[in-house]
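Participant: Encoded as structure tokens, here's the structure I'll be asking about.
Readers should treat all values here as calculations from the given coordinates under stated rules, not as data from a laboratory. These numbers were taken from a predicted model, which means no experiment stands behind them. Methodologically, a virtual Cβ is constructed for each residue, glycine included, from the backbone with ideal geometry; neighbour enumeration extends over all protein chains shown.
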Amino acid sequence: MAHKFEIWKDKKGEFRVRFKYNSEIIFSTEGYSNKAGAQNAISSIQKNGPAAEIEDNS
């Protein structure tokens with residue numbers, strides 16, 4: 001698969017989500033105190049991302 005979400009634990013022990021495309025990190029989230037918070041972030045991105053506005057501030 002060329003793209004995927006990864007849940008990982010940072011040095012502070014918080015769970016984070018990163019989205020990778022062709023092994024390149026496209027974005028990562030804030031830290032969550034538990035894995036369920038990270039999983040909810042993925043669900044929210046999957047649900048709300050396709051309808052998100054594009055804001056061009058250039």
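Participant: How many lysine pairs does the range 3-48 hold where the Cα atoms are under 23 Å apart and the two sit 8 or more places apart or on different chains?
Facilitator: Number of lysine pairs found: 12.
Participant: What list of whole percents do you get for P(r) of the chain, with Cα-Cα distances grouped in 5 Å bins up to the one holding the largest distance?
Facilitator: 4, 18, 23, 24, 18, 9, 4, 0
Participant: May I ask for the angle, rounded to the nearest 10°, between helix 35-48 and the longest principal axis of the chain, with both axes built from Cα atoms and the value confined to 0 to 90°?
Facilitator: Between the helix axis and the principal axis of the chain, the angle is about 10 degrees.
Participant: Moving to a separate point now. Work through the residues other than residue 14 whose Cβ is under 15 Å from its Cβ and net out their charges, Lys, Arg +1 and Asp, Glu -1. Before the final figure, lay out the partial values.
Facilitator: Details: positive: 9, 11, 12, 16, 18, 35; negative: 6, 10, 30.
Around residue 14, the charge tally is +3.
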